[in-house]
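Just so it is clear, none of the values below were taken in a lab; they were calculated from the coordinates. What you are looking at is a predicted structure, and each value in this text was computed from that prediction instead of being measured. Neighbour counts run over all protein chains shown; Cβ positions are idealised from the backbone, glycine included.
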Number of protein chains: 4
Amino acid sequence: MQVVEDFQWKKGMTVKDIVSQFKHVGFQSVELAKAAEVIVKMKKNSAKIFLTYTSNMSTSGLRGFFAQLIRLGMADVIVTTVGGLEEDIMKSTGEKFIVGEFEADDVELHEQGINRVGNLFIKNESYMKFEDYIGPVLAKLYKKKNRWAVSDMLKEIGLMLNDENSVLYQAAKHDVPIFCPSITDGAFGFHLHMFQQDHNDFIVDVVKDFGNILFVTSHDEKKGVIALGGSISKHHAILCTLLNGGAEYAVYFTTDHKTSGSMSGATTNEAKSWGKVKDDSDVATVIGDASIMFPLAMIWALEELDKDKMLKKEGK
Amino acid sequence: MQVVEDFQWKKGMTVKDIVSQFKHVGFQSVELAKAAEVIVKMKKNSAKIFLTYTSNMSTSGLRGFFAQLIRLGMADVIVTTVGGLEEDIMKSTGEKFIVGEFEADDVELHEQGINRVGNLFIKNESYMKFEDYIGPVLAKLYKKKNRWAVSDMLKEIGLMLNDENSVLYQAAKHDVPIFCPSITDGAFGFHLHMFQQDHNDFIVDVVKDFGNILFVTSHDEKKGVIALGGSISKHHAILCTLLNGGAEYAVYFTTDHKTSGSMSGATTNEAKSWGKVKDDSDVATVIGDASIMFPLAMIWALEELDKDKMLKKEGK
Amino acid sequence: MQVVEDFQWKKGMTVKDIVSQFKHVGFQSVELAKAAEVIVKMKKNSAKIFLTYTSNMSTSGLRGFFAQLIRLGMADVIVTTVGGLEEDIMKSTGEKFIVGEFEADDVELHEQGINRVGNLFIKNESYMKFEDYIGPVLAKLYKKKNRWAVSDMLKEIGLMLNDENSVLYQAAKHDVPIFCPSITDGAFGFHLHMFQQDHNDFIVDVVKDFGNILFVTSHDEKKGVIALGGSISKHHAILCTLLNGGAEYAVYFTTDHKTSGSMSGATTNEAKSWGKVKDDSDVATVIGDASIMFPLAMIWALEELDKDKMLKKEGK
Amino acid sequence: MQVVEDFQWKKGMTVKDIVSQFKHVGFQSVELAKAAEVIVKMKKNSAKIFLTYTSNMSTSGLRGFFAQLIRLGMADVIVTTVGGLEEDIMKSTGEKFIVGEFEADDVELHEQGINRVGNLFIKNESYMKFEDYIGPVLAKLYKKKNRWAVSDMLKEIGLMLNDENSVLYQAAKHDVPIFCPSITDGAFGFHLHMFQQDHNDFIVDVVKDFGNILFVTSHDEKKGVIALGGSISKHHAILCTLLNGGAEYAVYFTTDHKTSGSMSGATTNEAKSWGKVKDDSDVATVIGDASIMFPLAMIWALEELDKDKMLKKEGK
């Protein structure tokens, strides 16, 4: 039995220190500390780690952290939405996103050619440069073959980039597959469509890619899921673990609640009814903004794993 | 200038009455009344109406309401996730879903072969029957042709059903296209994959379907979006309106908030920065569970439109 | 076992109809229908009904509904915060509140002398008139005696008003005590203070009032709690039921969630651990804006009770 | 203009480091970094700092942090609810609270004599010991005088305790007044009532205490508000700053949203319309669980202020 302990600041306190204290503070701080422990367990027990996140996390600075996690061996499979991949490419080609305000005047922003994602801004220009970039890429891919499973296509694109903070680049380099079950739901979809207009035999094979995610793991292998936010990125990962006998470890970070029956609010407990996670799995659901909650929990885990030499040596 | 008015119950009060009073009550009741008015406007001004919803709404009894709305001419385009389509088929073939509890014991449910979605339960059996049903359907489709755009495939499936409360059936009958940009993210994806294992030239063409949604409307046509929940169903509809010059009308119903930069919490205002809705559009964002908020707002609109003979005559 | 049923609109649908259908829809609609049933039960079983609400509900048009509920015999005890009482008085003396916007420019509002509560506006003027009104009232009270329990004082004030939509007035007329455990936390507190400056022996006896709420009910009497929002209004009512053996019935309407351990998010289940509600009580927690959820549930209950002649005849 | 930067973990990363990086990450992480900066500013500009929190924060381990903040000179005025004060006393007299689970079986807990606050547990025993403790305390107070303003009474009680982690103790020692506008809304209220039964002239003077909080600061003095959660603790502090010309600095930490017009969700912007904070004030609203968000922001501020020797030397 664990008791509540009075929290105290100590000068120079590390992230490791504070998350360790959180275990005794209460409410979501306790869940956060639990999530950190589950992450350590999934790694120490050699689980295959699914990292899933929604597009807005890639808009944010977490994108570079995801790339680092791949380098450190903390993500074996990525599942995300297409917007996040587009923005990863934009950033890789030098585009800068702006820290703005939630309460900005949206009509004014529209006039200035600025698109808002919460308190972050993306210029129209960045989308135009993406357009310039992606056309030739598709031509190159088509030259190789005309029918592509999504994750194979994303790997090729990753290999063409050269940015150590890019998820696509690091994933390609480290043989971490990226799955995106809704590849057309963004600017990328539009460009795929334009390309297909001129090359009718150009096929993006989403059905083939279902096989790829299905066989990325197995019943015998231990599986862990780290889900940031909801949406199909979360769902697709746990559909895969379900079809492979259920995950042994799962941590969800979300701002949504279970009360409306949504995927984003679905808890690790609800996942047990489906067999998405095992009945006796180690799970934690942390309610809060992933831009804060996730780095805290993950850094505690990284420090712990580093101590035990469980992290890959980080190259570039 | 509108003043707050004391709310009063009158015996036999109708939904129309209460939503009319909500305009003067305050907080989300005011936003709900505004949403009802925007729905009326979009219909009266002959906008093409995009109705988008997440899978859990189809789990719920709203599914029959969506089908009715198609019959009444209140939805011209549907965008949803694949889980909702699977469940629409299950229900069409006689499966019953159960009203359970949020706090149910998930391990026990799992043992009983019951899957939980919030406070609703789906039996494993229903999934097994879906499996039995969908195999022959895919064989029939393949016989016709080997390469299918998603919405074309869904129309064919709808025509094979025979349930007036089915979204797939009513949409097919009334030429309302259903778009599902993540068609593999569910049991259906698994069965598509199994089928492709034996029929390698079987193609589900998501890129072609992007063209279909793109040309479902135009810059010249007025456009209205009714989005329930978030996810790619919401995003895909407003991506389409963006590429067609922006929607004139938009109402969002969501339990999520704008504070984490997510799609589900993104407001109709944020959509203006992107040009997803026009700068001078009529918009409303209602915070609350769509299972309550949406029927209220929509019924107010239906009563109003019915009075003016703006609804299609409802056949079966 | 209850199954999910397809929701259907019927022309002229009443609030009674829709809430009855909600029972079979899913998510919060189910909880709302359950709450409606619990309200009926508490009335039919002659429970003493505690109605608690936060100040913003009185800012809204719900204030007139609360007054009506007292007339109908649906509230035996009121617990609220002082802001709501001040605004009840303002409205009783003819002040009008405005339906504005959540996204209003607050600096501009400040310059115009307008105070914002969500999307409702209150003019400074209304506060000034309240000041003019309350001074002589306190003088009259002091003339009667110098030491007042809060609920006794509020009854006297209610008797001085003459507005059928006033909670203070109707409560006074129908001998429904109003408890406000933080009577100084508002403009009223300031005026009490000013008055005491000149009349040092003027005492507002909050300790005495604790006895009043304690003895407003008993262990033997059945007790029901209807709590809108959180705060001390909710807490004070369930503290009273706790000290009287626990409530048999409780329905909470709140936008908050249990995940942060707050009073506003505390569920009817959590209340069981404390004995605030009985272990075998009939309870429901509805997540959503009370400005919509509460009238729906309550009207279903009123129609049901009216059918069985369980409501007081409504005078003025 | 600030750009989004890729977040990177560095071994041994401090809380100071991570919050500094948050400024460039996005969503609530940006707001958190802003809040940290506002706290530094309010201290550097010698503002009188109001720290307000709800009872559940005192249940949690934050209680010891609040005591530390008083020692460090980071809180000049405390406003809270009575439950938090009771629990501060319980902890000071040796009671231990337990870290439990949100999903605990509440009926079982009730049978075991355990009360749940989110995922924290308090034994009935702790309440019984509080009862034993508080009776003689009230007798002592009464001996001194029969009429007590709340904050004066709380100071006396603080002086009787001897626990460096106690808020009551540290506040008394450092002449930091504690205001509690709803002193009877808890077990303490019950014991006050019992005592008054035998000592009818025993008066807790809440009106007098309004004068105390009113004169705790002035128009001329700079004022800063740090509000954790909502409720009357938050409202009472900003009512005081309103009556003193408005605060120059305000940071709110809350899990609630502005969409229902509640006090807990009211933003620092809404406060401007009232003049609770000044039009040109430095403000930040952080959405998230205070058990995590507050220590992060405050520690960043402490490290920064410590560097500049702005903190009091911490005795015991």
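Please work out, to two decimal places, the log10 of the ratio I(q)/I(0) at q = 0.27 Å⁻¹ from a Debye calculation in which every Cα of segment B:25-70 carries one identical scatterer.
-0.99
Fewest to most neighbouring Cβ within 10 Å: what's the order for C:GLU304, C:GLU31?
Starting with the residue having the fewest Cβ neighbours, the order is C:GLU304, C:GLU31.
Give the Debye-formula value of log10 I(q)/I(0) at each listed q (0.11, 0.16, 0.20 Å⁻¹), with one equal scatterer per alpha carbon of segment D:123-281, two decimals each.
Values, matching the q order: -0.54, -1.01, -1.27.
Over segment B:1-132, with a single point scatterer placed on each C-alpha, what log10 of the ratio I(q)/I(0) does the Debye formula yield at q = 0.14, 0.17 1/Å?
Summing over Cα pairs of segment B:1-132 leads to -0.85, -1.01.
Work out Dmax and Rg for segment A:147-232 from the C-alpha atoms and quote the Rg first, both in angstrom.
Just the Cα atoms of segment A:147-232 yield Rg and Dmax of 14.4, 45 Å.
Can you give me the relative contact order of segment C:1-73 as a percent, contacts being Cα pairs under 8 Å and 6 or more apart? All intermediate terms of the calculation are to be shown ahead of the outcome.
Values: 30 pairs, mean separation 12.7, N = 73.
After rounding, I find 17 percent.
Where nothing but the Cβ of Lys and Arg (+1) and of Asp and Glu (-1) is charged, how large is the charge dipole of segment C:114-264 around its Cα centre, in debye to the nearest 20?
60
How far apart are the A:ASP201 label points across copies, placing each 7 Å from Cα toward Cβ, in nm, shortest first?
The projected label point of A:ASP201 is separated from its counterparts by 1.2, 10.5, 10.5 nm.
Looking only at the protein assembly as shown, where both bridge partners belong to it, what percent of the DSSP beta bridges are antiparallel (to the nearest 5)?
Of all bridge pairs located within the protein assembly as shown, approximately 25 percent are antiparallel.
Report, as an integer, the average count of C-beta atoms from other chains found within 10 Å of each Cβ along A:293-303.
Taking all residues of A:293-303 together, the mean is 3.
Using the scaling law 2.2 N^0.38 Å as the reference, what is the normalised Cα Rg of segment A:87-216? Don't jump to the answer; show the numbers that get you there.
On the way: Rg = 16.2 Å, N = 130, 2.2 N^0.38 = 14.0 Å.
Against the empirical 2.2 N^0.38 Å value, I get 1.16 for segment A:87-216.
Take every Cα pair under 8 Å in chain A that's 6+ residues apart, average their separations, divide by the length, and report that relative contact order as a whole percent. It would help to have the intermediate numbers written out before the result.
Working: 558 pairs, mean separation 77.3, N = 316.
Worked out over chain A, it gives 24 percent.
Under the definition of Cα pairs under 8 Å and six or more residues apart, what whole-number percent is the relative contact order of segment D:226-297?
Here the relative contact order equals 37 percent.
If the chain between C:ASP279 and C:ASN200 were fully stretched, how many nm would it gain, using 0.36 nm times the residue separation less the Cα-Cα distance?
23.7 nm
Shortest first and in nm with one decimal, please list how far the C:GLY135 label point sits from its counterparts in the other copies (point 7 Å along Cα→Cβ).
4.8, 7.7, 8.8
Name the residue farthest towards the positive end of the dipole of chain D from the options D:THR254, D:PHE215, D:PRO295, assuming +1 on Cβ of Lys and Arg, -1 on Cβ of Asp and Glu, about the Cα centre.
With unit charges placed on the Cβ atoms, the residue in question is D:PHE215.
Using mean Cβ contacts within 10 Å as the protection proxy, how do C:138-151, B:104-117, C:221-234 order, highest first?
With the highest mean Cβ count within 10 Å placed first, the list reads C:221-234, B:104-117, C:138-151.
Could you pull out every one of the aspartates and glutamates with an alpha carbon less than 19 Å from that of B:LYS44, ignoring same-chain neighbours closer than 8 positions?
B:ASP76, B:ASP220, B:GLU221, B:GLU248, B:ASP280, B:ASP282, B:GLU303, B:GLU304, B:ASP306, B:ASP308, B:GLU314
Identify, for chain A, the residue whose C-beta comes nearest the rotation axis onto chain B, and round that distance to whole Å.
Spelled out, residue of A and its Cβ distance from the axis onto B: A:SER182, 2.
For chain B, what is the charge dipole size about the Cα centre, in debye to the nearest 20, if Lys and Arg each add +1 at the Cβ and Asp and Glu each add -1 at the Cβ?
Working: 36 positive and 43 negative charges, 243 e Å.
The dipole magnitude comes to about 1160 debye.
Kirkwood Rh, segment D:64-162, all Cα pairs: how many Å?
It works out to 15.5 Å.
At 7 angstrom along the Cα-to-beta-carbon line, where would the label on C:GLU111 sit relative to the other copies? Give the distances in nm, shortest first.
1.8, 6.6, 6.8
How big is the Kirkwood radius of segment C:207-274, worked out from every pair of different alpha carbons and given in Å to one decimal?
12.4
Over 10 Å intervals from 0, what percent of Cα-Cα pairs in chain A sits in each interval?
6, 26, 33, 24, 10, 2, 0
According to the square roots a ≥ b ≥ c of the eigenvalues of the Cα gyration tensor, what is the shape class of segment D:275-316, taking rounded for a/c under 1.5, prolate for a/b larger than b/c otherwise, and oblate for the remainder?
Since a/c reaches 1.5 but b/c is at least a/b, the shape of segment D:275-316 is classed as oblate.
Of D:HIS257, D:HIS236, how do they rank once you tally other Cβ atoms within 10 Å and put the fewest first?
D:HIS257, D:HIS236
Once R0 is set to 45 Å, what does the formula 1/(1 + (r/R0)^6) return for the Cβ-Cβ distance between B:GLU111 and A:THR93, expressed as a FRET efficiency to the nearest 0.05?
0.30
Quick one: if the Förster radius is 22 Å, what FRET efficiency do D:ARG147 and C:LYS140 give, using the C-beta to C-beta distance and rounding to 0.05?
Computed FRET efficiency for D:ARG147 and C:LYS140 comes out at 0.40.
For a quick check: sort A:MET74, B:MET13, A:MET298 by the number of other beta carbons within 10 angstrom, fewest at the front.
Ranked by crowding around the Cβ, least crowded first: B:MET13, A:MET74, A:MET298.
Could you tell me whether the protein assembly as shown comes out rounded, prolate or oblate from its Cα gyration tensor? Rule is a ≥ b ≥ c as square roots of the eigenvalues, rounded for a/c under 1.5, then prolate if a/b exceeds b/c, otherwise oblate.
The shape class here is prolate.
Can you find, among A:MET153, A:SER182, A:HIS193, the residue farthest towards the positive end of the dipole of segment A:85-220? Put +1 on the C-beta of Lys and Arg, -1 on that of Asp and Glu.
The Cα lying farthest towards the positive end belongs to A:MET153.
Which of the three applies to segment B:212-316, rounded, prolate or oblate, going by the alpha-carbon gyration tensor with a ≥ b ≥ c and a/c under 1.5 meaning rounded?
It comes out oblate by the Cα gyration axes.
If you find the alpha carbon centre of segment D:135-202 and of segment D:205-220, how far apart are they in angstrom?
18
How are the alpha carbon pair distances in segment C:106-159 distributed across 10 Å bins from zero to the largest one, expressed in percent?
P(r) for segment C:106-159, in whole percents per bin: 20, 35, 24, 19, 2.
Measuring from centroid to centroid over Cα atoms, what is the spacing of segment B:51-67 and segment B:248-316 in Å?
The distance from the Cα centre of segment B:51-67 to that of segment B:248-316 comes to 15 Å.
What percent antiparallel are the DSSP beta bridges of segment C:1-123, to the nearest 5?
Close to 60 percent.
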